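Contents: one structure, followed by commentary.
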Amino acid sequence: MKRVVVASANPVKINTTEIGFAKMFPEVLFKVEGISAPSGVSDQPMSEEETMIGATNRANNVAKLVPNADYWVGIEGGLEERNGGMEGFAWIVVKSKNGKFGKGRTGAFFLPKKVVQLIKQGKELGEADDIVFGLKNSKQANGAVGILTGDVLTRTTFYEPAVILALIPFKNPRLYD
């Protein structure tokens, strides 16, 4: 059994990691657990670069906290202003015990103006969503993408392809030496 540690206690991030690893490596049993680890970036990253750095830092920091695992996973949601709007996305970084990294990114979607206004006032996306949509702790449930799509995509299904993409170097190790 391989041990995977996600740099978060958020059940969405733990679950999506478990799904991604199981789909990419169906012949392997994984024990996936979550431990909070710092990102070293803003609570609400506001660029592609800052979001990637946050995911990488989380993977590295959780590896220091729990050194006896096979893989460590950092998941960081971010925002970036683009084309007069603000898009939401996430980066996933997977680190293996041999020091190899894999990286994957979700798709992106644009946020409603009311949410953007709150973010520009200093709120994090989850907090802004809760205010605009009258919810509580939505970031540990379906997230902005789930709210806006009516759960056609949930936060879990939104992250899942990016976890799978981040695992490509581990599925094809000879191609990524």
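The values are calculated or read from the model by the stated rules, or taken from the named source; none is laboratory data. Since we're looking at a predicted model, the values are computed, not measured. With ideal geometry, Cβ positions are generated from the backbone for all residues, glycine too; neighbour counts draw on all protein chains shown.
Remarks
- Residue list for region 80-101, filter: within 14 Å of F158 (Cβ to Cβ) and either buried (at least 19 other Cβ atoms within 10 Å of the Cβ) or small (G, A, S) (or both): G88, F89, A90, W91, I92
- Complete set of residues in region 99-138 that are out of contact with any Pro (no Cβ under 9 Å at 6 or more places or on another chain) and in a loop (DSSP other than H, G, I, E, B): G99, A108, L111, P112, Q121, G122, K123, E124, G134, L135, K136, N137
- Test: residue in region 113-127 that is small (G, A, S), at pLDDT 95 or above and either buried (at least 17 other Cβ atoms within 10 Å of the Cβ) or in contact with a Leu (Cβ under 9 Å, 6 or more places away or on another chain) (or both): no
- Lone qualifier among V66, V6, V12 - being farther than 25 Å from L153 by Cα and in contact (Cβ under 8 Å) with a residue 60 or more places away in the chain: V66
A quick yes/no check of all residues on (1) of a type outside the set (D, E, K, R); (2) out of contact with any helix residue (DSSP H, G or I) (no Cβ under 6 Å at 6 or more places or on another chain); (3) surrounded by fewer than 15 Cβ atoms within 10 Å (Cβ to Cβ); (4) in a strand (DSSP E or B):
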| position | (1), (2), (3), (4) |
| --- | --- |
| V5 | yes, no, no, yes |
| I14 | yes, yes, no, no |
| G20 | yes, no, no, no |
| E27 | no, yes, yes, no |
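- Checking G88 against (1) in a loop (DSSP other than H, G, I, E, B); (2) touching a helix residue (DSSP H, G or I) at 6+ places or on another chain (Cβ under 9 Å), the condition it does not meet: (1)
- Close pairs (9 angstrom Cβ cut-off, 6 or more residues apart or separate chains): touching a residue at least 40 places away in the same chain (Cβ under 8 Å) in region 30-44, assigned to a loop (DSSP other than H, G, I, E, B) and charged (D, E, K, R) anywhere: D43/E124; Q44/K123; Q44/E124
- Single residue of region 155-177 satisfying the filter (in a loop (DSSP other than H, G, I, E, B) and without any contact (Cβ under 8 Å) to a residue 24 or more places away in the chain) that is nearest to the chain's Cα centre (by Cα): N172
- Some residue of region 130-138 being within 24 Å of P38 (Cα to Cα) and within 16 Å of the chain's Cα centre (by Cα): yes
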